[in-house]
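Any read-out appearing in this document is the output of simple, stated calculations on the displayed coordinates, not a laboratory observation. Owing to the predicted nature of the structure, the values given are computational and were not obtained by experimental measurement. Backbone-built Cβ (ideal geometry, glycine too); neighbour counts: all protein chains shown.
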Amino acid sequence: MKKTSLYEIHKQLGAKLIPFAGFEMPIQYKSIIEEYFAVRNSVGVFDVSHMGEIEIKGKDAFDFVQYLTTNDISKLESGKVQYSSMCYENGGIVDDILVYSFGRFFQIVVNASNIEKDFNWMKEIGKNFDIEITNKSDEISLLAIQGKNSLNTLQKVFDIDLSTLKFYTFTKTKFLEKEILISRTGYTGELGFELYFPSEKKISEEIWNKIFECGKEFNIQPIGLAARDLLRLEMGYCLYGNDISEEVNPVEASLDWITKFQKEFVGKNTIENSIKSGIGKKLVALKFNGEKVFPRNGYEIFKDNIKIGKLTSGIISPILNSGIALGFVHTNFSTVGNEVDVLVRTKFEKAKIVELPFVERNPR
């Protein structure tokens with residue numbers, strides 16, 4: 001198992017460590033609910049150094065990334081970030097990604113479990129482009145500082161004005177003479193930042209300790225993967241391997257908004273043909289009536305005793321005090337407001353299709 005550069009700190013903090021995407025990662029430190037509310041009410045820090053970073057340079061870098069990804073990077077100025085996806089020729093999603101524009105080159109941030117697959121796919125698509133593709137994942141560590149006091153905390157760490165950094169943009173600064181990239185992004189729905197820096201034990205531990213020193217007055221907490229999953233699902237953010245996969249295209253996954261058909265991209269023709277012939281399934285958000293209903297991945301969804309789909313992610317929301325879930329249903333039953341039955345173990349539980357997010361937040 002790989003270890004992040006902050007592994008020793010996680011052990012010292014008593015984190016419960018589990019294998020995840022080839023890494024030994026902290027799933028929780030104390031209580032999942034305490035960690036969840038630390039982010040929702042103040043500020044928390046996630047070590048997400050297991051994520052992958054792939055750099056695209058060369059004469060055809062723009063044309064390659066424009067063709068590789070479903071979103072339109074002609075709108076992506078230097079210093080901005082874009083949420084996007086990559087598809088196979090059959091329209092299935094290779095991965096959902098973040099694209100960072102540095103003007104002449106790009107950095108693509110990919111999911112931890114997909115690093116090797118994504119890198120190989122980029123090399124395959126890049127054969128006819130004058131580009132250089134470099135997997136820099138092992139060289140970069142990544143921290144996410146999330147919550148309403150994330151700005152107050154980081155403003156004491158760095159000597160630049162972070163209040164002017166707009167949502168989905170980034171800047172650079174120095175820490176211990178090392179370059180740090182700071183972006184206004186996150187996976188929680190809260191005000192937040194993500195820090196990319198060299199994956200060296202000394203700098204990683206120094207920056208972690210400095211952040212916690214500066215966030216002490218806000219009761220800053222380390223946050224594990226379990227609370228992260230809870231936070232992202234309340235916002236309706238997709239998780240690769242659960243809600244999206246190579247068996248799902250972006251339109252089926254309700255990611256039409258990052259799928260720009262006015263340009264060419266890998267898989268475009270197949271996805272357009274699926275739209276013309278009629279999309280058969282759609283990813284929807286479900287809110288349960290019962291307070292004690294705990295929805296889980298794989299539970300089947302019914303309408304009038306006919307199976308129409310299944311859940312892909314599910315939790316009990318601490319704020320709503322009810323079960324919430326994402327799942328695929330037949331398109332005919334995907335309308336907001338539609339009531340369905342979910343088979344939870346041996347009992348049918350009522351749920352309603354609702355709009356996202358489940359919990360209203362303002363990450364901007």
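How much of the calculated P(r) for the chain lies past 38 Å, in percent of all Cα pairs? Every Cα pair in the chain considered, those over 38 Å come to 18 percent. With contacts taken as Cα pairs under 8 Å at a separation of at least 6 residues, the stretch 133-292 carries a relative contact order of 19 percent.
A simple charge model with +1 on the Cβ of Lys and Arg, -1 on the Cβ of Asp and Glu and nothing else charged puts the dipole of the chain at about 660 debye relative to its Cα centre. Based on the Cβ-Cβ distance from N321 to D130, what FRET efficiency comes out when R0 is 45 Å, to the nearest 0.05? The pair N321/D130 has a calculated efficiency of 0.20. Ignoring lysines fewer than eight residues from K210 along the same chain, the ones with Cα atoms less than 24 angstrom from its Cα are K3, K11, K16, K30, K148, K156, K166, K172, K174, K178, K201, K202. Taking a straight Cα-Cα cut-off under 25 Å and skipping sequence neighbours fewer than 8 places away in the same chain, the lysines within cross-link reach of K303 are K281, K282, K287, K292, K347, K350, K352. Once both labels are positioned 7 Å from their Cα atoms along Cα-to-Cβ, the gap between S74 and E339 label points is 4.8 nm.
Think of the stretch 70-206 as a dipole: +1 on every Lys or Arg Cβ, -1 on every Asp or Glu Cβ, centred on the Cα centre; then among L76, G92, M122, L76 lies furthest on the positive end. Extension gain for the segment F294 to N269, taken as residue separation times 0.36 nm less the Cα-Cα distance, is 5.1 nm to one decimal.
The distance from the alpha carbon centre of the stretch 315-340 to that of the stretch 61-96 is 29 Å, rounded to a whole number. Ranked by the mean number of other Cβ atoms within 10 Å of their residues, highest first, the peptides 354-361, 248-255 fall in the order 248-255, 354-361. Other residues lying with their Cβ under 15 Å from the Cβ of E252 contribute a combined charge of -1, Lys and Arg counting +1, Asp and Glu -1.
Once both labels are positioned 7 Å from their Cα atoms along Cα-to-Cβ, the gap between K307 and N120 label points is 3.1 nm. Once both labels are positioned 7 Å from their Cα atoms along Cα-to-Cβ, the gap between E177 and E34 label points is 4.0 nm. Note on the stretch 205-352: Cα-only Rg and Dmax are 18.8, 58 Å. Taking 0.36 nm per residue of sequence separation and removing the Cα-Cα distance, the K16/K3 pair yields an extension gain of 3.3 nm. Here the stretch 52-135 is assigned +1 on the Cβ of each Lys and Arg and -1 on the Cβ of each Asp and Glu. Its dipole about the Cα centre then comes out at about 180 debye.
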